[in-house]
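Chemist: Take a look at this one; I'll ask things after.
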Amino acid sequence: MKLSIENLALSHGERRLLDGVDAVLAPGKVTAILGAAGAGKAVLLRALAGRADADAGHVRLGGRLIGRLGRAERARAIALVEHHDRRRRFGRAPADLAAALAARPAWLLAGDPLSALDPAAQFARIEQLRAAADQGMGIVVTLADPVLAARLADAVLLLGGGRMIAFGAPGDALAHQPLRAAFGVEVMVIGDARGRLLPVPIGCAE
């Protein structure tokens with residue numbers, strides 16, 4: 001079942017965070033919602049799970065409005081593992097994520113699943129999430145690091161300035177100009193051992 005975002009607008013309190021987000025997320029793939037702090041990643045993730053009200057637009061799962069799914073049906077289809085601060089995450093978030101993966105929902109939505117991890121643990125978590133996607137699960141994660149997005153994702157939804165800057169394959173969404181618009185940084189692109197192109201920030205854009 002595809003997860004579709006249609007001209008979505010979202011606010012936090014009286015502050016409008018996002019306008020005009022349009023994307024179709026494919027099952028069996030990893031999609032990274034990427035952006036700087038305050039870009040609206042967390043509220044968008046909650047909206048995809050039917051847990052945040054939209055000011056405009058819709059989220060659909062398999063063509064059905066997410067808000068019209070019954071609670072039990074939605075819980076079977078979508079697992080949401082939200083980001084917690086570092087103190088609450090220690091010793092807890094991995095268990096939450098493991099339990100969500102073991103339940104085998106159609107979609108797993110995970111907030112910052114790679115934060116507060118050392119590099120070896122990040123690689124292990126990436127392999128865990130990619131394995132679930134290879135088995136057909138749709139994976140959506142929020143990230144603030146373009147290098148991690150390039151390592152993990154099949155598609156990137158890039159946020160900045162209250163809008164969706166780019167959506168597509170990492171090679172397109174993580175190009176110099178979109179990342180400059182989203183983060184205000186310049187990047188140097190390098191290749192890793194698996195042939196992925198990694199956009200490494202090298203300084204603030206002038």
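Chemist: F167: accessible area at probe 1.4 Å, nearest 10 Å²?
Modeler: 80
Chemist: Over the chain, what is the relative contact order in whole percent, taking alpha-carbon pairs under 8 Å and six or more residues apart?
Modeler: It comes to 25 percent, rounded to a whole number.
Chemist: I would also like to ask the following. Applying the Karplus parametrisation 6.51 cos²θ - 1.76 cosθ + 1.60 with θ = phi - 60° to the phi angles of the range 146-151, what ³J(HN,Hα) value in whole Hz is obtained for each residue in order, glycine and proline being reported as x?
Modeler: For the range 146-151, the Karplus-derived couplings read x, 5, 5, 4, 5, 6 Hz, x marking Gly and Pro.
Chemist: Just to be sure I understand the rule: take each whole DSSP H helix in the chain, project its Cα atoms onto its long axis, keep it if the span is 15 Å or more and its mean Kyte-Doolittle hydropathy is at least -0.5. Which ones pass?
Modeler: 119-134
Chemist: Right, next: Using a 1.4 angstrom probe, figure out how much accessible area the range 22-164 has per residue, in square angstrom, rounded to the nearest whole.
Modeler: 45
Chemist: Counting other Cβ atoms within 10 Å, which trypsin sites (Lys or Arg not before Pro) in the range 108-195 have at most 16 and lie in a DSSP loop?
Modeler: Answer by residue number: R194.
Chemist: In whole percent, and with a 1.4 Å probe on the protein chains, what portion of the accessible area of the chain is carbon and sulfur?
Modeler: So the carbon and sulfur contribution to the accessible surface is 51 percent.
Chemist: For the chain, would you read off the P(r) tail past 25 Å as a percentage of all alpha carbon pairs?
Modeler: Summing the P(r) of the chain above 25 Å gives 34 percent of all pairs.
Chemist: Using helices alone, I'd like the mean residue ellipticity at 222 nm for the chain: each DSSP H run of four-plus residues gives -39500 (n - 2.57), total over residue count, nearest 500.
Modeler: -8500 deg cm²/dmol
The values are calculated or read from the model by the stated rules, or taken from the named source; none is laboratory data. Not measured: the values here are computed from a predicted model. With ideal geometry, Cβ positions are generated from the backbone for all residues, glycine too; neighbour counts draw on all protein chains shown. To get the accessible areas, we keep the full protein, side chains included, count just its heavy atoms, and leave off ligands, DNA and RNA. Shrake-Rupley method; radii C 1.70, N 1.55, O 1.52, S 1.80 Å.
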